[in-house]
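Since every read-out is calculated from the coordinates, none of them should be taken as a lab result. None of the values given here were measured: they were computed from a predicted structure. We place every Cβ from the backbone using ideal geometry, glycine too, and count neighbours over all the protein chains shown.
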Amino acid sequence: MRIRRGHGHDHRRNAFTGGRALRYNTTAAGGMRWLYRGLAQDIVGALPHGARVLDVGTGPGVLLAELARSRPDVELVGVDLSPDMAALAAWHLAPYGHRARALVGDVAALPLSGRSVDIVVSSLSMHHWADLDSAVTELARVLRPGGAVRIYDVWRAPFGKLVAAAGAQAVFAGRAPHRKRIRVGWLPLPVLTRLVLTP
Ligand SMILES: C[S@@+](CC[C@H](N)C(=O)[O-])C[C@H]1O[C@@H](n2cnc3c(N)ncnc32)[C@H](O)[C@@H]1O
């Protein structure tokens, strides 16, 4: 894995490159690991046996590594706009062999075939997405029938805009979106929000 250090700010595309990606990785895989364990606990119950899971904006892939560890039956794919983050995710997922991989890609143009994923998850990424209309269209395209999207983000993330985009694009029209503030790990307050979208 080769990641060049540097200030890591590319405001045209994505800020999570270079030294910033490396520092994020250190925090996510170290002191913040409890957060990903908590999120994985919230997700595993929703995974059908043998499910294929996509994590959008996977960053260093720590959430996927937690899911891989607790659910040996599932196949995992992480996608991230930043090649440096995708490289870090590939490194964290290497112990899980062919059932876990990381790809470079944009939520607005996912590098996956249609109807190829059972559950989409995303943590702390949605508030960075530049094109919510294309994002919801792509999420709906890759989901298999009966699947679901679970988005976890800070409560101030644009959940309302994402739901409005789904309405405007006429996707996820089956069941009403379910949005809830949740507590994760030892946090005393529900600082994260979980949004579940179903086709
Ligand atoms: C704050 S990090 C979160 C990473 C990881 N999900 C976590 O919970 O630690 C946000 C990530 O979203 C990625 N990202 C931002 N916009 C994206 C887009 N349009 N498509 C895919 N990934 C994106 C960034 O490159 C970054 O790795």
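Descriptive notes on the structure:
- Rel. contact order, % - alpha carbon contacts under 8 angstrom, at least six apart, segment 61-144: 27 percent
- Gyration tensor verdict on segment 27-80 (Cα atoms; rounded if a/c is under 1.5, prolate if a/b is larger than b/c, oblate otherwise): oblate
- Label-to-label distance for Ser70 and Ala170 is 3.9 nm, based on points extended 7 Å past Cα in the beta-carbon direction.
- Potential lengthening of the chain between Ser116 and Arg183 amounts to 21.1 nm, from the contour at 0.36 nm per residue minus the alpha-carbon distance.
- Looking at segment 61-199 alone, DSSP beta bridges between its own residues are antiparallel in about 50 percent of cases.
- Phi-based couplings in Hz for segment 131-146 (Karplus 6.51, -1.76, 1.60; Gly and Pro marked x): 10, 6, 4, 5, 4, 5, 5, 5, 4, 5, 5, 7, 6, 7, x, x
- For segment 106-134 versus segment 14-42, the spacing of their alpha-carbon centroids is 19 Å.
- Under 11 Å, Cβ to Cβ, from Gly105 - net charge with Lys/Arg +1 and Asp/Glu -1: -3
- Unit charges on C-beta of K, R, D, E only; dipole of the chain, Debye: 380 debye
- Residues in segment 174-191 that a label on Trp34 would reach, taking backbone N under 13 Å of a point 7 Å out along Cα→Cβ: 184-189
- Residue-wise HN-Hα couplings along segment 107-119, as the Karplus relation 6.51 cos²θ - 1.76 cosθ + 1.60 with θ = phi - 60° gives them from phi, are 4, 7, 7, 5, x, 9, 6, x, 6, 10, 9, 8, 9 Hz; Gly and Pro carry x.
- Taking all pairs of distinct alpha-carbon atoms in the chain, Kirkwood radius in angstrom: 16.8 Å
- Other residues whose C-beta falls under 11 angstrom from the C-beta of Val44 contribute a net charge of 0, scoring Lys and Arg +1 and Asp and Glu -1.
- For the chain, the relative contact order comes to 16 percent (Cα pairs under 8 Å, sequence separation of at least 6).
- Radius 14 Å from Cβ of Arg144, net charge of other residues (Lys, Arg +1; Asp, Glu -1): +1
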